[in-house]
């Protein structure tokens, strides 16, 4: 009989349910055993039953204290991540934690120290690393066949505005949205960012400036290995989720365009229409969410390193802090200034 | 609690397991309850357990005689399809049957008559109708916005040769492989084929001519609505599963190219490389298999017509018979000649 | 000083002027010296002056009898082609002749015999062979790197209907339009067509059936080398000039899509729009017309074989005759039946 | 008879000959009458004869002093541009001048003042504005149908390294190469650049650092209208001339990819290959060179404004100076700092 990792799920909101369904149906090496959510109710219990989950709690402690549970998926609100990591680590459980661990570097460091001390595995939920497109770019760069990377480019645009209620508490575009891109450029370049310069503006009229935030940004960066990089962001592409990456290297260039809804082309006297990009992250990164959960459970089963570790949990936060400082102060900011 | 359709699976070979996994994990409206396979063994029992299937039989009769089972998936060998359809119909069970129902028109007619008499639902497994690409072509044509269809084109090439042991008993390229395309042209044109002319040749040197078969074919056809059509087939594309469709209409053209492994482009002094098409039907029609199972269970639950009915089970077989006759006799053959 | 070929142009209609402008401006090895047109007038004389043409005649004999003229471009009406070829051959002039030489095989044979006897060079104006796209397909097949050709496909659709006045005297779709495609399949396959089966229909409602003609056709064919082929034609694509070719070979496939007006993509909430194909042959084959004229003059200067010879002038006419016979009689027709 | 502009060509090097050939053959409204080059020799005289040019001089004064000449094309070395503009202006001749006018802002201002005073027309050779792709981006933005521009992106990579002898005297990447992109972003955004931040590095190992120059650069910018922009440059793409532009606007995005050598796709077991981008500016901007010459002569004939005026001659130089200063000083630089 196949060995499985018994998992407790912390948080049964949108992202918790997404992970729960993948663990239940698409990750053969996982046994999703328990779920804890402070707002546990009948609907969640019914959902849990349909997923074959045996235990439903409102107190996460029930999961930490169950010795049969080997690993947790932390999908609760961001402000609980660091604390839950520490409690899981102390209980000797392996940890998958949604991004970001925290927006405070000291809290992240404390959480990572607990993980280190306990000797448990940690994987941070930078799901885009598991997308077939971005992975192709990274693997091509990492193979060395194109030589050293020179220019790393990421276009990352959300399909449409979030509500201003969300924006108000989002932590700003760099911490909320670009953080994925900061992880991506590190992943693609295979090197750490050393400096950023950020330009940003509220151009859409949707009201980001009320909260001292921007809807449009371009961020340049330098990498330790000498490469240069640039990210361009928009909160509202309107045509779908625009997620393109490109690395120009010493001997050539690898780039990926968006996954499309289909591969159609309709040609008439009026024009030629092709399909739009997939709408948002649920559509685009559907398979990537499954892959990251599989790779986590396999790392646990085989006692190998997780593909996204503690360092990946803290570096993007530093870059986001530096980008925010650069935008505010109108100057290049070195990562060392915010550490 | 959501209403579910209790299903018995007949046949646990490759295609049976594929449907079983989809029913267990990806079709919320299905309850996969029992499986019967003449070669039932421990491995299949273990697989069934992991899918949450309660009953494992070697005798299909156990499924037909269980009044709690509302529907069956017939995934057994082709020569059992017609008989199983009749037994299921007599037991009052709704039927999903893999293609083809049979290669003998009279047996198909007998099976369809039993379905008719019992008033049960029947869906035939022409999975490509549920592919996002082909569906886009069909929906565009059916919408009427391009006007009447004039030219219907299907390119359908398998990635590589089957073994000659398989070819020997396959029934020939038209019944084994092109039958999917014969269904596809009817689906795209929204009209019945009235005549075909087939050209074929064994060009690969793989030995198809030993069995009076061909590896390469082009088939032209006429439709009742006046449109013309053409299918081109190869047993060995080598670069993947080449599945393109196109309909040129009175006001323009809709066409789809292949799904690719990713959306990458690698550019160097040596050339520019993009990703290959997905390898074969498991990769290309993965989501389509889930969709067809979902639509079947929903048709059962909602008592609506299934999306692929009895007529769709018999017409492609007629076209395949006519195509074989055309190739043999070197002349156009009307469908009415083989009915 | 560079050696040039002194050329006389026969016919100053649309296609004559097109060749004249290319010879004057874009073919350094040509000296366009004289033009003859039965409807010579002031406008044509002014055009000729602007092209640097020294002599304007209404009598073509003035060109045939001028010993300083080494080559002629026959761009007059089709019914004069065979006769002009014979007169040019007798005058010892090399000949570029627009397609078709004639629609009567005996007249073509007579003209080719005169060319043969005089030992002059003949090039027939199958301009598509000089298109960068189709040439890429042919060169890839001819290189042998994909192995033997199995399936040869040509999609050829004009952008919009010709006037019914034109259709009435056009000689029918196969002789007027598909003849280019019949040349193309021979060029791509590197082999002669041995049999065709043609399906055709008047579906547009534009009135082709009044003249016993069709606006939509599909033609299947067999080649001497065993390959199979198919052409699909429409008189009215509406979205532009649809000129795609594809050859599937033993080891893979080479295909070309259309040249587009530009490489743009406009993405909005409404959809994603790309550019249309170029509108018609003037736009699509602009550079190909220049290349064919260059290659002709270079063949004359270097005394090498022209790239499109007499055999290429007669074979497509045979295929067109066979296709018309097939459509009329509803059966496959061997080329040997019409020779 | 069509009215023509009589033109004198100053400089018969590579770019001078290119303009000369276009004026002689592809611009019906131009009469290329004279050429002056300090290194006038037999080869140039023979070239001039073949272009139908009547007068060949080594002294440009012969052109300025000929009252029959209405316009000049200044294609001489950059250090002569400002002086020749002034001499042409004083002679009352309209001026097409290759870019850049000069690298010294005061010299440019002096030249523009002379043009202004003389009331002659000036067009600066920013040829990319006439490319079908970039023009499509600009026209789409300018139409307003996508709303205000938010993000302006230019990728501009040369196919391969220039010789270090050239680099030594090139004036640096921003003045030599990026200057075209600085013009392009103004053209696309329809707004002036107000600030730039430049990152650059010598990563290729080809030796740019010896001359205090870089081979790789990313430049961010702000525009008066609030938009943000970014350019990425490489001296050596290796796969061809990479010239892509994109503008993300309030309602969507318009982008263009590269013109390719052809529209082919070759698919085998080894992979799928498409054509490379055209190699360099002669291939890519061939038609754009013709269009800019046509538009210039038409502006002269019709007494309308030229499409690229004096302001377009000075602004990109300012941006290049600001970018160089930014790279040197490691900070954002406002355009007003270098004016």
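Pick out the one residue from D:12, D:34, D:48 that is buried (at least 21 other Cβ atoms within 10 Å of the Cβ), more than 19 Å from residue D:93 (Cβ to Cβ) and modelled with pLDDT of 95 or more.
Details: D:12 fails: more than 19 Å from residue D:93 (Cβ to Cβ); D:34 fails: more than 19 Å from residue D:93 (Cβ to Cβ).
Only one candidate passes the filter, namely D:48.
Taken over the stretch C:200-224, the residue count meeting the criterion of being surrounded by fewer than 24 Cβ atoms within 10 Å (Cβ to Cβ), touching a helix residue (DSSP H, G or I) at 6+ places or on another chain (Cβ under 7 Å) and under 21 Å from residue B:327 (Cα atoms) is 1. Filtering the stretch A:263-289 to residues that are crowded, with 20+ Cβ neighbours inside 10 Å, in a loop (DSSP other than H, G, I, E, B) and at the interface with chain B (Cβ under 10 Å from one of its Cβ atoms) leaves only A:275. Inspect the stretch B:313-320 for any residue being closer than 30 Å to residue B:3 by Cα and either part of a loop (DSSP other than H, G, I, E, B) or modelled with pLDDT of 95 or more (or both) and give the result as yes or no. Checked against the condition, which is being closer than 30 Å to residue B:3 by Cα and either part of a loop (DSSP other than H, G, I, E, B) or modelled with pLDDT of 95 or more (or both), the stretch B:313-320 yields at least one hit. Restricted to the stretch D:1-43, and to residues there that are assigned to a loop (DSSP other than H, G, I, E, B) and within 13 Å of chain C (Cβ to nearest Cβ), the residue that is nearest to residue C:31 (Cα to Cα) is D:26. In the stretch B:135-150, what residues are within 19 Å of residue C:238 (Cβ to Cβ), within 13 Å of chain A (Cβ to nearest Cβ) and buried (at least 16 other Cβ atoms within 10 Å of the Cβ)? If the condition is that a residue be within 19 Å of residue C:238 (Cβ to Cβ), within 13 Å of chain A (Cβ to nearest Cβ) and buried (at least 16 other Cβ atoms within 10 Å of the Cβ), then B:137, B:140, B:141, B:146, B:147 are the ones that fit.
For the stretch B:170-194, residues that are more than 23 Å from residue B:137 (Cα to Cα) and not in a helix (DSSP H, G or I) total 3.
Specify the residue that is farthest from the other protein chains (Cβ to nearest Cβ); the eligible residues are those in the stretch B:213-224 that are in contact (Cβ under 8 Å) with a residue 40 or more places away in the chain and part of a loop (DSSP other than H, G, I, E, B).
Just the residues of the stretch B:213-224 that are in contact (Cβ under 8 Å) with a residue 40 or more places away in the chain, to begin with: B:213-215, B:217, B:219, B:221, B:223.
After this cut, where a residue has to be part of a loop (DSSP other than H, G, I, E, B) as well, the list is B:213-215.
Values: B:213: 15, B:214: 10, B:215: 8 Å.
Among those residues, the one meeting the criterion is B:213.
The residue of the stretch C:188-199 that is farthest from residue C:324 (Cα to Cα), among those that are more than 12 Å from every other protein chain (Cβ to nearest Cβ) and surrounded by fewer than 22 Cβ atoms within 10 Å (Cβ to Cβ), is C:190. Among the listed residues B:167, B:108, B:69, B:63, identify the single one that is in a helix (DSSP H, G or I), over 19 Å from residue B:318 (Cα atoms) and not assigned by TED's automatic domain parsing to the domain that holds residue B:207. So the residue among B:167, B:108, B:69, B:63 that is in a helix (DSSP H, G or I), over 19 Å from residue B:318 (Cα atoms) and not assigned by TED's automatic domain parsing to the domain that holds residue B:207 is B:63.
Number of residues in the stretch C:89-120 that are surrounded by fewer than 21 Cβ atoms within 10 Å (Cβ to Cβ) and touching a residue at least 24 places away in the same chain (Cβ under 8 Å) equals 13. Taken over the stretch B:225-265, the criterion of being free of Cβ contacts under 8 Å to residues at least 12 places away in the same chain and out of contact with any helix residue (DSSP H, G or I) (no Cβ under 6 Å at 6 or more places or on another chain) is satisfied by B:265 alone. For the residues A:271, A:330, the requirement of being out of contact with any strand residue (DSSP E or B) (no Cβ under 7 Å at 6 or more places or on another chain), at pLDDT 95 or above and assigned by TED's automatic domain parsing to the domain that holds residue A:155 singles out A:330.
Look through A:193, A:141, A:115 and report the one residue that is farther than 24 Å from residue A:282 by Cβ, in contact with a strand residue (DSSP E or B) (Cβ under 7 Å, 6 or more places away or on another chain) and in the same structural domain as residue A:69 (by TED's automatic domain parsing). Before you say what the answer is, go through the steps one by one.
Working: A:193 fails: in the same structural domain as residue A:69 (by TED's automatic domain parsing); A:141 fails: in the same structural domain as residue A:69 (by TED's automatic domain parsing).
Unique residue meeting the criteria: A:115.
Restricting B:229, B:252 to residues that are more than 7 Å from every other protein chain (Cβ to nearest Cβ), surrounded by 20 or more Cβ atoms within 10 Å (Cβ to Cβ) and at pLDDT 95 or above narrows the list to B:229. Residues that are closer than 27 Å to residue D:221 by Cβ and either surrounded by fewer than 24 Cβ atoms within 10 Å (Cβ to Cβ) or out of contact with any strand residue (DSSP E or B) (no Cβ under 8 Å at 6 or more places or on another chain) (or both) within the stretch D:296-308 comprise D:305, D:306, D:307, listed in sequence order. Residues of the stretch A:303-323 include none that is more than 10 Å from chain B (Cβ to nearest Cβ) and closer than 30 Å to residue C:270 by Cα. Checking each residue in the stretch D:293-312 for being part of a helix (DSSP H, G or I) and closer than 18 Å to residue D:179 by Cα picks out D:310, D:311, D:312. Filter the stretch B:234-249 down to the residues that are over 25 Å from residue C:216 (Cβ atoms), buried (at least 24 other Cβ atoms within 10 Å of the Cβ) and more than 8 Å from every other protein chain (Cβ to nearest Cβ) and list them by number. If the condition is that a residue be over 25 Å from residue C:216 (Cβ atoms), buried (at least 24 other Cβ atoms within 10 Å of the Cβ) and more than 8 Å from every other protein chain (Cβ to nearest Cβ), then B:235 is the only one that fits. Among the residues of the stretch A:67-79, those that are surrounded by fewer than 17 Cβ atoms within 10 Å (Cβ to Cβ) and either in contact (Cβ under 8 Å) with a residue 40 or more places away in the chain or within 13 Å of residue A:121 (Cα to Cα) (or both) comprise A:68, A:77. Residue-level check: of (1) without any contact (Cβ under 8 Å) to a residue 60 or more places away in the chain; (2) over 25 Å from residue D:230 (Cβ atoms), residue A:132 misses just (1). The residue list A:319, A:311 contains one member that is surrounded by fewer than 18 Cβ atoms within 10 Å (Cβ to Cβ) and either touching a strand residue (DSSP E or B) at 6+ places or on another chain (Cβ under 7 Å) or farther than 30 Å from residue C:237 by Cβ (or both), which is A:311.
The values are calculated or read from the model by the stated rules, or taken from the named source; none is laboratory data. As the structure is a computational prediction, the values presented were derived from the model and not from experiment. Glycine gets a Cβ as well: all are built from the backbone with ideal geometry, and neighbour counts include every protein chain shown.
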